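Presented below is the structure to which this report refers.
What follows draws every value from the coordinates through simple rules; no lab data is involved. Treat the numbers as computed from the prediction; the structure is a model and nothing was measured. Neighbour counts are summed over all protein chains in view; Cβ atoms, including those assigned to glycine, are modelled from backbone coordinates with ideal geometry.
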Amino acid sequence: MINNPIIPGFYPDPSIVRVEDDFYLVTSSFSFFPGVPIFHSRDLTHWEQIGYVLDRPSQLPLTHEMISGGIFAPTIRYNKGTFYMITTNMSLGCKNFIVTAKDPKGPWSEMHILEGADGIDPSLFFDDDGKVYYTGTTGFGNEQGIYCSQIDLEKMELVGERKILWQGALKGAASPEGPHLYKKDGWYYLMIAEGGTEHFHAITISRSKEIMGEYKGYEGNPILTHRHLGKNYPICNVGHGDLVELKDGSWYMVMLGSRLMKGYHKILGRETFLAPVTWEDGWPIVSYGTGKVEFTYPSPDSLQMDGGNHSDGVLQRRVEHFDSPVLGLEWNYLGTPKGNFAKIEDSCLKLQLLKNQLTPWEMDGASANIFERFQLLGKSEGCVSFLGRRQQHINFEAAVKIIFRPEDKECAGLVILQNDAHQLRLECSKGDGGRIFVSCIATRTQIENGKQYYKETCMGSVQVDAGNNENALILKIQGEETDYSFYAGLSGDELKLVAEKVDGSFLGSETAGGFVGAYIGMYASGVTETKEKYAAFDYFDYQPK
């Protein structure tokens, strides 16, 4: 049985390719490092992350200030023994580039930047005659349509005529984007996303007999949307899809969508879903008979199950003991890491206290929209001392054992992070009289005197001075839909309630803005870096409930 989402948590803008009996899927990663996670399956039901396409700083220069910057929608394709991944890095000023590999597990090549390739959401199409075509949007934030050009993959440059193929099916709709070309039964099909990536998101399609010809939209467009289902339907935002054909001639689509929590809140972000596709009268019908993305579908009859028993269909570790020098694939830094602020030593993760905080910015209220904030990229030097993984479940528990003795203006702990200005932190710090306190800090934006700031509110605090040589504490966060409870103590059996059922609904993108979902992670910061000091984490335990 296929369970949706097939890849839960913040894994948006999926692209998929089949190579013989193997399926490979990539998603956006924005400002998290490594970038562009790549998954593998042989049955479309069980998935395993096999690596990252962009796992070296030279491939992925990022900053940490704009979490919804960085890597936008990738496309993965395969041709004659080579895998191609093409995407946009907003941290490079909206540059589109290609990397290649013989093995999808890597290593992948360095970036081949495509000069003159404007816009976002690039895609590649390999035609039967050996020619290769590039499709993309005409801009970002003001998209006017989808353009196409032939591309020379030897020189890594666009060549020949550049033509707008289609401006979309929906009059007045925002953001025609996410284009992919396919060829079937003598027709070229151009499938795109429209309506923006929130509630009005949709997938539409057109076709032409000539690849650079006139594309006519399907009279039944959109072929997929959930906007008409209202804001109480549990899956929303569906769009930005990619098609894959199986060996037996059947078809499936992967697309992004969001699960709702307690009303209209999308804390997990945009996730990867899958649905069957049936062709009828020359056009694709998604989820035949219902026309909407369901939570379950029968697994394809033609594919042999791989025998996996992965929770939620995705194989990932739940408990990290930091007893290996190599981190699990679920872990990410915020921005490209510089220096050695994070290290595994003595079976602990050690995070150096850095001066950069998780809440680094203030700005004029007039410049508070997401597109203008991209201009702030690159202003800050250094890194944020943070390592986290995605929140993938509506109900969960996360706990760490932290070994840390804070001094004045030093802190470390556990955080639910949506972006730099919307987060919930469970934080160890030094209080009056040298006592150690653990506090729950809620951070969100507010506007005062025409400027937009982040505002921090203490939701609860307890004294939990370790009182031993190890200076060890247990920190625990329990999530129940939009409510988060926070605990701290000397052991798992002696936890004190720090704050109960704190409303975390502001962590959803409908309030926080941006394109990402919640991360759960460890962090450390201090007012200066004149002395090298680390907070140690003995383990990280994440469990769905």
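With θ set to phi - 60°, apply the Karplus curve 6.51 cos²θ - 1.76 cosθ + 1.60 along region 115-125 and write out the HN-Hα couplings as whole Hz, x wherever there is a Gly or Pro.
With the stated coefficients, region 115-125 comes to 5, x, 8, 7, x, 10, 6, x, 9, 10, 9 Hz.
For the chain, what does -39500 (n - 2.57) per DSSP helix run (n ≥ 4), summed and divided by total residues, give at 222 nm, in deg cm²/dmol to the nearest 500?
Working: 2 runs with 8 residues, N = 545.
Calculated from helices alone, the mean residue ellipticity at 222 nm is 0 deg cm²/dmol.
Taking amide hydrogens as modeled 1.01 Å from N in the peptide plane, which residues meet the under 5 Å criterion relative to L224, leaving out close sequence neighbours?
When sequence neighbours closer than 5 places are left aside, the close amide H contacts are I203.
Between F295 and K216, how many nm apart are label points set 7 Å from Cα along the C-beta direction?
4.2 nm
In whole Hz and in residue order, list the ³J(HN,Hα) couplings for region 436-446 that follow from phi through the Karplus curve 6.51 cos²θ - 1.76 cosθ + 1.60, θ = phi - 60°; x for Gly and Pro.
9, 10, 10, 10, 9, 10, 9, 10, 8, 8, 8
Can you flag which of K105/K292; K131/K209; K155/K183 are past 27 Å Cα-Cα? Each step should come with its number before you reach the end.
Values: K105/K292 33 Å; K131/K209 16 Å; K155/K183 25 Å.
Violating the 27 Å Cα-Cα cut-off are K105/K292.
Rounded to the nearest 0.05, what FRET efficiency do T82 and Q446 give with R0 = 60 Å and r taken as the Cβ-Cβ distance? Could you check? Spell out each step's value before the answer.
On the way: r = 50 Å, r/R0 = 0.84.
The formula returns an efficiency of 0.75 here.
So what J values fall out for region 96-102 if you push phi through Karplus, 6.51 cos²θ - 1.76 cosθ + 1.60 with θ = phi - 60°, rounded to Hz, Gly and Pro as x?
Using θ = phi - 60°, the values come out as 9, 8, 10, 10, 10, 7, 8 Hz.
Need the list of lysines near K531 for cross-linking: C-alpha distance under 27 angstrom, and skip anything on the same chain fewer than eight residues off.
K338, K343, K350, K355, K379, K401, K409, K430
Can you list the aspartates and glutamates whose alpha carbon sits under 12 Å from that of K171, skipping same-chain ones fewer than 8 residues off?
E194
Length gain on complete extension for the stretch K184 to V159, per 0.36 nm per residue less the alpha carbon to alpha carbon distance? Kindly include the intermediate steps, with their values, before the conclusion.
Numbers: separation 25, 0.36 × 25 = 9.00 nm, distance 2.50 nm.
Using 0.36 nm per residue and subtracting the Cα-Cα distance, I get 6.5 nm.
Working out 0.36 nm times the residue gap between K545 and K338, then minus their Cα-Cα distance, what length gain in nm do you get to one decimal?
Values: separation 207, 0.36 × 207 = 74.52 nm, distance 3.56 nm.
That works out to 71.0 nm of additional length.
For W108, list long-range residues whose amide hydrogen, built 1.01 Å from N in the peptide plane, is under 5 Å from its own amide hydrogen.
none
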